[in-house]
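Notes to accompany the following structure.
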Amino acid sequence: MRTQVAIIGAGPAGLLLGQLLHKAGIDNVILERQDGDYVLARIRAGVIEQTTADLLDEAGVGARMHREGMAHDGFELCFNGGRHRIDLSGPTGGKHVVVYGQTEVTHDLMDARKAAGLTTVYHADKVELHDFDTTKPWVSYTANGESQVLHCDFIAGCDGYHGVSRASVPASALSLYEKIYPFGWLGILADTPPVAEELIYSNHARGFALCSMRSPTRTRYYVQCSLEDKVEQWSDDAFWDELRRRLDPATAEALVTGPSIEKSIAPLRSFVAEPMRFGQLFLAGDAAHIVPPTGAKGLNLAASDVRYLSRALIEHYIEKSEAGIRHYSDTCLRRVWKAERFSWWFTSLTHLFPDQGAIGAKLQQAELDYLVHSEAARTVMAENYVGLPF
Ligand code: RFL
Ligand code: PHB
């Protein structure tokens, strides 16, 4: 088989890239290790930045997001027993975010890919990348037990943190930056009405909590937990009790609980691999960088890489210019590092760190108090939360 761009991974990064390239008349094939249902079953991101929403529109897959997604122009910070609103649209000239699950984005992209008749090979096993330091790269894999070869001009590594793409690059060509946080997030999904109209990020002496949602009837809540915790140890009742303890009394009182329909623990990590291009191989999304979820930047960063990469490839094929390809890594990384900084800072401000001591807690309280009472600080928060401009 031959294609112009071989895309490894059918997560949001790979699917969105495939759709944008297809719209520009560039042929692409996606190789995915899992099946579509597995990809759709992963409950992950919930907050879409305006620029990501614009890109989904550009790819022609934004209609359902506009219909069913919930535009939020603020969120709340909870600390010291009270809730304080951070306005997003005032300080940013009317920008907002859209609360719409990653599962739904992926669904919309899969539907569009199917409707366009584009090739996605699910259950692609033993994917290996070859000769990407030449102009004739190729990918080998097995499908239905048979060995296959995909010849291409470029390879887009959109296969997440544990994928094969970054692992195929010689270690000596990579610089890795990593921070592992000493806690995780225990998340649950429930068919209950959201406790408030907007998201609530809570700093509490027992640890961080987040009240998020997927729809007016479906909620997504998180509590900071120990890395040693196992999901099975957390009954629904234990989760709800812990969440209530970490909210202010009025919010705790208003919380509607119910049986969980999903429960999982995610570790928190900051990670960047530099550069993001090796000859004809490009890394995009979680394959190149991870942020802790506080601030909801992961999916949005994946979309921003894909925006740069699709434009670079369109420039190459249509305008016969190599400038976008040459600058891809540097351009992405400038934006990546700013999102890394924001996600690290927001995590540091809201979580309980084992070594922070009494002084650490007091310093967090002082910064939160400053944040909600300073227009300058609120503007910095809003500008980063809605997504920095391109
Ligand atoms: P993905 O989604 O991991 O997809 C990679 C795909 O590649 C496949 N793959 C392979 N295919 C072929 N061969 C191989 N050898 C392969 N190895 C892997 C995988 O099966 C998979 O289908 O990466 P992508 O596309 O870069 O997308 C990144 C986002 O998924 C991620 O950044 C976000 O989910 C992060 N995130 C959030 N981001 C936000 O923007 N807003 C949020 O509110 C938000 N909340 C979250 C999050 C991530 C979380 N977890 C669980 C890590 C909340 C949580 C709890
Ligand atoms: C979510 O709804 O899953 C979510 C929302 C905001 C975040 C992280 C996750 O900062």
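The values are calculated or read from the model by the stated rules, or taken from the named source; none is laboratory data. Since the structure is predicted, the reported quantities are computational estimates derived from the model, not experimental observations. With ideal geometry, Cβ positions are generated from the backbone for all residues, glycine too; neighbour counts draw on all protein chains shown. Quick note on the areas: whole protein, heavy atoms, side chains included, nothing else; ligands and nucleic acids left out. Shrake-Rupley method; radii C 1.70, N 1.55, O 1.52, S 1.80 Å.
Would you list the strands (runs of 3 or more DSSP E) that sit entirely within segment 193-285 and hold 3 or more residues that are crowded, with 17+ Cβ neighbours inside 10 Å, under 21 Å from the mean Cα position of the chain (by Cα) and within 13 Å of ligand 1 (Cβ to nearest atom)?
Those strands (runs of 3 or more DSSP E) span 209-215, 218-225, 260-274.
Restricted to segment 21-47, and to residues that are more than 16 Å from ligand 2 (Cβ to nearest atom) and β-branched (Val, Ile, Thr), which residue is surrounded by the most Cβ atoms within 10 Å (Cβ to Cβ)?
Ile30
Among the residues of segment 352-367, are any part of a helix (DSSP H, G or I), within 16 Å of ligand 1 (Cβ to nearest atom) and among the polar types (S, T, N, Q)?
no
Where the second residue is open to solvent by 70 Å² or more (accessible area, probe 1.4 Å) and the first is among the charged types (D, E, K, R) and lies in segment 356-383, which pairs have Cβ atoms under 9 Å and are six or more apart or on separate chains?
Asp369/Asn80; Glu383/Pro389
Which one is nearest to ligand 2 (Cβ to nearest atom), of the residues in segment 55-84 that are of a type in the set (D, E, K, R) and in contact with a Lys or Arg (Cβ under 9 Å, 6 or more places away or on another chain)?
Among them, the one singled out is Glu76.
What number of residues within segment 87-108 are in contact with a helix residue (DSSP H, G or I) (Cβ under 9 Å, 6 or more places away or on another chain), open to solvent by less than 10 Å² (accessible area, probe 1.4 Å) and either among the polar types (S, T, N, Q) or in a strand (DSSP E or B) (or both)?
Total meeting the criteria: 2.
Return a yes/no flag: does segment 62-70 have any residue that is outside any loop (DSSP other than H, G, I, E, B), within 28 Å of Ala250 (Cβ to Cβ) and small (Gly, Ala, Ser).
no
Give the residues of segment 10-38 that are of a type outside the set (S, T, N, Q), modelled with pLDDT of 95 or more and in a helix (DSSP H, G or I), sorted by residue number.
Pro12, Ala13, Gly14, Leu15, Leu16, Leu17, Gly18, Leu20, Leu21, His22, Lys23 - these are the residues of segment 10-38 that are of a type outside the set (S, T, N, Q), modelled with pLDDT of 95 or more and in a helix (DSSP H, G or I).
Please verify whether Leu186 is aliphatic (A, V, I, L, M), in contact with a Ser or Thr (Cβ under 9 Å, 6 or more places away or on another chain), within 15 Å of ligand 1 (Cβ to nearest atom) and open to solvent by less than 40 Å² (accessible area, probe 1.4 Å), treating the condition exactly as stated. Before the answer, list the steps.
Working: aliphatic (A, V, I, L, M): yes; in contact with a Ser or Thr (Cβ under 9 Å, 6 or more places away or on another chain): yes; within 15 Å of ligand 1 (Cβ to nearest atom): yes; open to solvent by less than 40 Å² (accessible area, probe 1.4 Å): yes.
Spelling it out, Leu186 is indeed aliphatic (A, V, I, L, M), in contact with a Ser or Thr (Cβ under 9 Å, 6 or more places away or on another chain), within 15 Å of ligand 1 (Cβ to nearest atom) and open to solvent by less than 40 Å² (accessible area, probe 1.4 Å).
For segment 165-183, which residues satisfy the criterion of being farther than 24 Å from Leu368 by Cα, within 16 Å of ligand 1 (Cβ to nearest atom) and either in contact with a Leu (Cβ under 7 Å, 6 or more places away or on another chain) or not in a helix (DSSP H, G or I) (or both)?
Result: Ser165, Arg166, Ser168, Val169, Glu178.
Looking at segment 138-170, which of its residues are open to solvent by less than 20 Å² (accessible area, probe 1.4 Å), under 25 Å from the mean Cα position of the chain (by Cα) and of a type in the set (Phe, Trp, Tyr)?
Correct list: Phe154 only.
Of all residues in segment 368-390 being in contact with a helix residue (DSSP H, G or I) (Cβ under 7 Å, 6 or more places away or on another chain) and surrounded by fewer than 14 Cβ atoms within 10 Å (Cβ to Cβ), which is modelled with the lowest pLDDT?
Looking at residues that are in contact with a helix residue (DSSP H, G or I) (Cβ under 7 Å, 6 or more places away or on another chain) and surrounded by fewer than 14 Cβ atoms within 10 Å (Cβ to Cβ), I get Phe390.
Only one of these is buried (at least 21 other Cβ atoms within 10 Å of the Cβ), over 29 Å from Asn80 (Cβ atoms) and touching a helix residue (DSSP H, G or I) at 6+ places or on another chain (Cβ under 9 Å): Arg326, Arg307. Name it.
Of Arg326, Arg307, the one residue that is buried (at least 21 other Cβ atoms within 10 Å of the Cβ), over 29 Å from Asn80 (Cβ atoms) and touching a helix residue (DSSP H, G or I) at 6+ places or on another chain (Cβ under 9 Å) is Arg307.
If you scan segment 75-86, which residues turn out to be in contact with a Gly (Cβ under 9 Å, 6 or more places away or on another chain) and surrounded by 15 or more Cβ atoms within 10 Å (Cβ to Cβ)?
Listed by number, the list holds a single entry, Ile86.
Just need a number here: residues in segment 331-343 that are in contact (Cβ under 8 Å) with a residue 24 or more places away in the chain and over 24 Å from Arg83 (Cβ atoms).
Narrowing segment 331-343 to residues in contact (Cβ under 8 Å) with a residue 24 or more places away in the chain: 332-333, 335-340, 342-343.
Among the residues that remain, those that are also over 24 Å from Arg83 (Cβ atoms) are: 332-333, 335-340.
Summing the residues that are in contact (Cβ under 8 Å) with a residue 24 or more places away in the chain and over 24 Å from Arg83 (Cβ atoms) in segment 331-343 gives 8.
Answer with yes or no whether His96 is in contact with a strand residue (DSSP E or B) (Cβ under 6 Å, 6 or more places away or on another chain) and within 16 Å of ligand 2 (Cβ to nearest atom).
Answer is yes for this residue.
Just need a number here: residues in segment 118-137 that are in a strand (DSSP E or B) and open to solvent by 70 Å² or more (accessible area, probe 1.4 Å).
Result for segment 118-137: 3.
The conditions are (1) more than 15 Å from the chain's Cα centre (by Cα); (2) surrounded by fewer than 19 Cβ atoms within 10 Å (Cβ to Cβ), and Trp344 fails exactly one of them. Which is it?
(1)
Can you name every residue in segment 291-303 that is within 25 Å of Val223 (Cα to Cα) and either more than 7 Å from ligand 1 (Cβ to nearest atom) or touching a Cys at 6+ places or on another chain (Cβ under 6 Å) (or both)?
Within segment 291-303, Val291, Pro292, Thr294, Gly295 meet the criteria.
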